[in-house]
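The values are calculated or read from the model by the stated rules, or taken from the named source; none is laboratory data. The structure displayed is predicted, hence computed values, not measured ones. Virtual Cβ from ideal backbone geometry, glycine too; neighbours counted across all protein chains shown.
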Amino acid sequence: MTLTGRRALVTGAGSGIGAACARALAAQGAHVVVADFNADAATRVAAEVSGEAWVVDLSDTEALAEQSLDIDILVNNAGIQQVAPIESYDPVVFARIQKLMVGSPFLLIRAALPKMYERGFGRIVNVSSVHGLRASPFKVAYVTAKHGLEGLSKVTALEGGPHGVTSNCVNPGYVRTPLVEKQIADQAVIHGIAESEVVEKVMLTESAIKRLTEPEEVADLVAWLCGSTAGMVTGASYTMDGGWSAR
């Protein structure tokens, strides 16, 4: 129970990777704040891990600007996706994705650092993606946001290092989550293939290991990065993409 006494905030923790991270951190003794837009999902996961729910729209960055957080661990995981070519991409959706996936992590980090600095300890893990390191067509907003998150994480690592605060990215490929499942129909239309072919012909085409990543695998890496033995790991981007980025 290496995280006993630590207080963690996980965003987008009502399902998928976020819920798996909440469970993994709680299993190591942390008190977990489950942040999610979906009240029922946040409440359910919070009850499961004996934590607390924070029902919040993280794309409302104005409401986060004055936030103050007394936490030891921050996992920035919340995200959404839309698949479309640039020329028909909705500018409103593009802006919302930047707010949710770059603006919100910045504001939460900003809100958490003062208390982390006071204690001389902090762990910030940003759930990025292989798309934070590589690009794919038809995902302009998501790829842009994940690349921005990588830069935010590295600057946080440089500023936080002298204060005992680490900041890292975790970069999975396609993970078996509702976010990925919702893309299948759109990908099928854009690529002109059947939905049953999307996983093999689109999602796993660049991966040496031909399967989806499980949320629990990502959460295991996140939990390690939050622990005491990862104190010298900062400013890094840990790929978990089945070899995609090795190309």
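Suppose we keep only residues that are more than 15 Å from the chain's Cα centre (by Cα) and assigned to a loop (DSSP other than H, G, I, E, B) within the stretch 15-55. Which one would you say is surrounded by the fewest Cβ atoms within 10 Å (Cβ to Cβ)?
Only one residue fits best here, namely 50.
Which pairs do you get when a residue that is under 20 Å from residue 214 (Cβ atoms) and in contact (Cβ under 8 Å) with a residue 60 or more places away in the chain, found in the stretch 180-199, comes within reach of a residue that is assigned to a loop (DSSP other than H, G, I, E, B) and of a type outside the set (Val, Ile, Thr), reach meaning Cβ atoms under 8 angstrom, with the pair 6+ apart or on two chains?
Short answer, once both residue conditions are applied: 182/81; 183/81.
Out of curiosity, is residue 216 out of contact with any strand residue (DSSP E or B) (no Cβ under 7 Å at 6 or more places or on another chain), at pLDDT 95 or above and either farther than 23 Å from residue 151 by Cβ or not in a helix (DSSP H, G or I) (or both)? Don't jump to the end; show me each part of the working.
On the way: out of contact with any strand residue (DSSP E or B) (no Cβ under 7 Å at 6 or more places or on another chain): yes; at pLDDT 95 or above: yes; either farther than 23 Å from residue 151 by Cβ or not in a helix (DSSP H, G or I) (or both): yes.
Considered against the rule, which asks whether it is out of contact with any strand residue (DSSP E or B) (no Cβ under 7 Å at 6 or more places or on another chain), at pLDDT 95 or above and either farther than 23 Å from residue 151 by Cβ or not in a helix (DSSP H, G or I) (or both), residue 216 comes out as yes.
Which of the residues belonging to the stretch 219-240 are aliphatic (A, V, I, L, M) and not in a loop (DSSP other than H, G, I, E, B)? Reasoning before the result, please.
Narrowing the stretch 219-240 to residues aliphatic (A, V, I, L, M): 219, 221-223, 225, 230, 232-233, 236, 240.
Passing the criteria: 219, 221, 222, 223, 225, 230, 240.
Would you be able to say whether some residue in the stretch 138-150 is part of a helix (DSSP H, G or I), without any contact (Cβ under 8 Å) to a residue 40 or more places away in the chain, of a type in the set (A, V, I, L, M) and crowded, with 17+ Cβ neighbours inside 10 Å? First the steps, then the outcome.
Quick first cut of the stretch 138-150, residues part of a helix (DSSP H, G or I) only: 140-150.
Pick out the ones that are also without any contact (Cβ under 8 Å) to a residue 40 or more places away in the chain and you get 143, 147.
Okay, now just the ones that are also of a type in the set (A, V, I, L, M), so 143.
Subset that is crowded, with 17+ Cβ neighbours inside 10 Å: 143.
So far as the stretch 138-150 goes, yes, one or more of its residues are part of a helix (DSSP H, G or I), without any contact (Cβ under 8 Å) to a residue 40 or more places away in the chain, of a type in the set (A, V, I, L, M) and crowded, with 17+ Cβ neighbours inside 10 Å.
Are any of the residues in the stretch 137-146 within 23 Å of residue 22 (Cβ to Cβ) and in contact with a strand residue (DSSP E or B) (Cβ under 7 Å, 6 or more places away or on another chain)?
No, because not a single residue in the stretch 137-146 is within 23 Å of residue 22 (Cβ to Cβ) and in contact with a strand residue (DSSP E or B) (Cβ under 7 Å, 6 or more places away or on another chain).
Out of the residues in the stretch 109-131 that are in contact with a Leu (Cβ under 6 Å, 6 or more places away or on another chain) and assigned to a helix (DSSP H, G or I), state the one that is surrounded by the most Cβ atoms within 10 Å (Cβ to Cβ). Step through it out loud before you land on a result.
Filtering the stretch 109-131 down to residues in contact with a Leu (Cβ under 6 Å, 6 or more places away or on another chain) leaves 111-112, 124-126, 128.
Applying the additional criterion that residues be assigned to a helix (DSSP H, G or I) yields 111-112.
Details: 111: 19, 112: 24.
By that ranking, first place goes to 112.
Are any of the residues in the stretch 84-93 farther than 16 Å from residue 33 by Cα, without any contact (Cβ under 8 Å) to a residue 60 or more places away in the chain and aromatic (Phe, Trp, Tyr)?
We begin by selecting, within the stretch 84-93, every residue farther than 16 Å from residue 33 by Cα; these are 84-93.
If we keep only those that are without any contact (Cβ under 8 Å) to a residue 60 or more places away in the chain too, we end up with 86-93.
This time we only want the ones that are aromatic (Phe, Trp, Tyr), so: 89.
Looking for residues that are farther than 16 Å from residue 33 by Cα, without any contact (Cβ under 8 Å) to a residue 60 or more places away in the chain and aromatic (Phe, Trp, Tyr), one finds at least one in the stretch 84-93, hence yes.
Could you tell me how many of the residues in the stretch 72-93 are more than 23 Å from residue 115 (Cα to Cα) and under 18 Å from the mean Cα position of the chain (by Cα)?
Looking only at the stretch 72-93, we keep the residues that are more than 23 Å from residue 115 (Cα to Cα), and these are 79-93.
Retained after the next criterion (residues that are under 18 Å from the mean Cα position of the chain (by Cα)): 79-82.
Final tally of qualifying residues: 4.
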